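Structure record follows, encoded as structure tokens.
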Amino acid sequence: MKALTSLLFPNRSKTNDKLPPGPIGLPIVGNLHQLGAKPHQTLASLANTYGPIMSLKLGQITTIVMSSVEMAKEVLLIHDQFLSNRKIPDAMKGANHDEYGLPFIPVSHRWRDLRKLCNGLLFSNKNLVASEGLRRNKVKELLSDIHQSSLRGEAVDIGRLAFKTTINLLSNTIYSKDLVHSTNKAGEIKELVANIMKEVGRPNLADCFPVLKVVDPHGIRRRTGNYFWKLLTIFKSLVDQRLKQRKDATYCTKNDMLDAILNNGQDNNQEMYKDKIERLSVDLFVAGTDTITSTVEWAMAELLHNPNIMAKAKAELYRSIGKGKVVEESDIGKLPYLQAIVKETFRLHPAAPLLLPRQVEVELKMHGYTIPKGAQVLVNVWAIGRDPNLWDNPCLFSPERFLGSEIDFRGRSFELTPFGGGRRICPGLPLAIRLLFLMLGSLINSFDWELQGGVKPHDMNMDDKFGLTLEKAQPVLVVPIKTTN
């Protein structure tokens, strides 16, 4: 009877529970019909009516949406210990990846072990510096490919280029290999990653009506499971190949993350379970490629849309490192305007506009409202980035707002949290930032750009498309023109 009442009256709660305000839902579906194709925008609009802490019923799932700096701080800092575990999308249960994937496993011994591996080894400054040369070479190859297009006068797709380059930057950092070109089998990775992101981003009735998980109504879990297993097979072959190479007495250790992991296990007389490396590789490639790609594409779109800002960025690069030169990771600190451009891109176009969903472990009280145990919590960082109470002209792309500002994106400033915050902040942040600056800075400094087909900057389509990451609705197609010294 209780379950039937919950279905037919989705907004009804116990009389002693005071849920945050929110729109009245329909029987059975709750507020699902109100989300539309762009939930981040819909939820931001609803927050203008119902406030920065708002409740909805998405099918059977009570969902609390936070849309202000204060409420983001409540989730990511003040109540972080009770909100650290994830509401796991059914798609992530393909190949049982929810039991191994760092972004979704609960806070546990395994989770702490993986975080320690990431923070102390994979993304430590020492190991990132050691693998810097691998990334430098990949950026040079990217620029060489673009140069060939410039000689032919043909347009390039910034998103596709960024995607391919990000995969190879990651694969060289981890495995010292190009995964797009090394073998036909490994070359599947680009399509596999794209398919996983597409499936996880699809609306899924199993996420709103748990009873449907048994039947996998859209076949999403089955398809993602297939994609996960194919990726795991690729990474397993790479790890096995390296283990075989390391048995050779003449083997020379590589400056990549795989040898760093294997050396660490050897030094501590601990068996480094291969599934950890393989599963972690899946997380890095799936989470890393799409988010970095979308940020590079959005940043270039905004620079092309605002030629005066592009000109300022070029001037800083010419002045600081020299016209046409490849940007080095050591250059990042002396490029404050480029840093401001990246921050402004994060503000207007966060890769994960609602962050990853969290689940309430115990009933909480926030600002006089009850947040029930088991509820799903979303932080609408897209809405926070466009809050007129926080930002002057919030819809205007203006990097200048960050010059001299102490607001950062590393989880300490709740105005800007594209990587999340608290104990579940993205562990790959140090590597992601290096890749972003390398690609974006080099694209700006090495070429001039003309929009394909004579499109004028002010006529560019700047609409977004909602998914697991916030993509541009239309690709950025531009003709590169090699700069002359």
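The values are calculated or read from the model by the stated rules, or taken from the named source; none is laboratory data. Small disclaimer: the values here were computed from a predicted structure and weren't measured. Neighbour counts run over all protein chains shown; Cβ positions are idealised from the backbone, glycine included. These accessible areas exclude ligands, DNA and RNA; they are computed on the full protein's heavy atoms, side chains included. Shrake-Rupley method; radii C 1.70, N 1.55, O 1.52, S 1.80 Å.
Here the label points at Asn48 and Asp459, each 7 Å from Cα along the C-beta direction, are separated by 3.0 nm in the simple model. Ranked by the mean number of other Cβ atoms within 10 Å per residue, highest first, peptides 66-73, 36-43 order as 66-73, 36-43.
For the residue pairs Lys38/Lys334; Lys87/Lys472; Lys57/Lys198; Lys198/Lys482, the C-alpha atoms sit more than 29 angstrom apart in Lys38/Lys334; Lys198/Lys482.
Straight-line cross-link reach from Lys138 at under 18 Å between alpha-carbon atoms covers these lysines, not counting any fewer than eight positions away in the same chain: Lys164, Lys177, Lys190, Lys254, Lys325. Taking the Kirkwood radius as Rh and the Cα radius of gyration as Rg, the chain has a ratio of Rg/Rh equal to 0.97. Our note on the geometry: Cα centres of the stretch 289-344 and the stretch 98-136, 27 Å apart. Using Stokes-Einstein with the Kirkwood hydrodynamic radius over Cα pairs, what translational diffusion coefficient do you get for the stretch 111-154 at 4 °C and a viscosity of 1.567 mPa s, in µm²/s rounded to a whole number? Translational diffusion coefficient: 102 µm²/s.
Mind checking which of Phe209, Ser108, Ala155 is farthest towards the positive end of the stretch 32-482's charge dipole, using Cβ charges of +1 (Lys, Arg) and -1 (Asp, Glu) about the Cα centre? Toward the positive end, the furthest listed residue is Ser108. For the Cα trace of the stretch 244-391, dividing Rg by the Kirkwood Rh returns an Rg/Rh value of 1.11. Within the straight-line cut-off of under 12 Å between alpha carbons, the aspartates and glutamates reachable from Lys126 are Asp256, sequence neighbours fewer than 8 places apart in one chain being disregarded. Assuming charge only on the beta carbon of Lys and Arg (+1) and of Asp and Glu (-1), the dipole of the chain about its Cα centre is about 840 debye to the nearest 20. Here's the list of aspartates and glutamates a cross-link from Lys465 could span, going by alpha-carbon distance under 15 Å and ignoring same-chain residues fewer than 8 apart: Glu199, Asp290, Glu297. For trypsin sites (Lys or Arg not before Pro), the sites in the stretch 281-334 that DSSP calls loop and that have at most 14 other Cβ atoms within 10 Å are Lys323. Shown in residue order for the stretch 424-429 are the 3J(HN,Hα) couplings computed by the Karplus curve 6.51 cos²θ - 1.76 cosθ + 1.60 at θ = phi - 60°: 9, 4, 4, x, x, 3 Hz (x for Gly and Pro). Ranked from largest to smallest solvent-accessible area, with a 1.4 Å probe on the protein heavy atoms, Ser442, Ser398 come out as Ser398, Ser442. What FRET efficiency comes out for Ile24 versus Leu390 if R0 is 35 angstrom and r is the Cβ-Cβ distance? Round to the nearest 0.05. The pair Ile24/Leu390 has a calculated efficiency of 0.75.
Rounded to the nearest whole angstrom, the semi-axes of the ellipsoid equivalent to the stretch 128-177, taken from the Cα gyration tensor as √(5λ), stand at 24, 11, 7, largest first.
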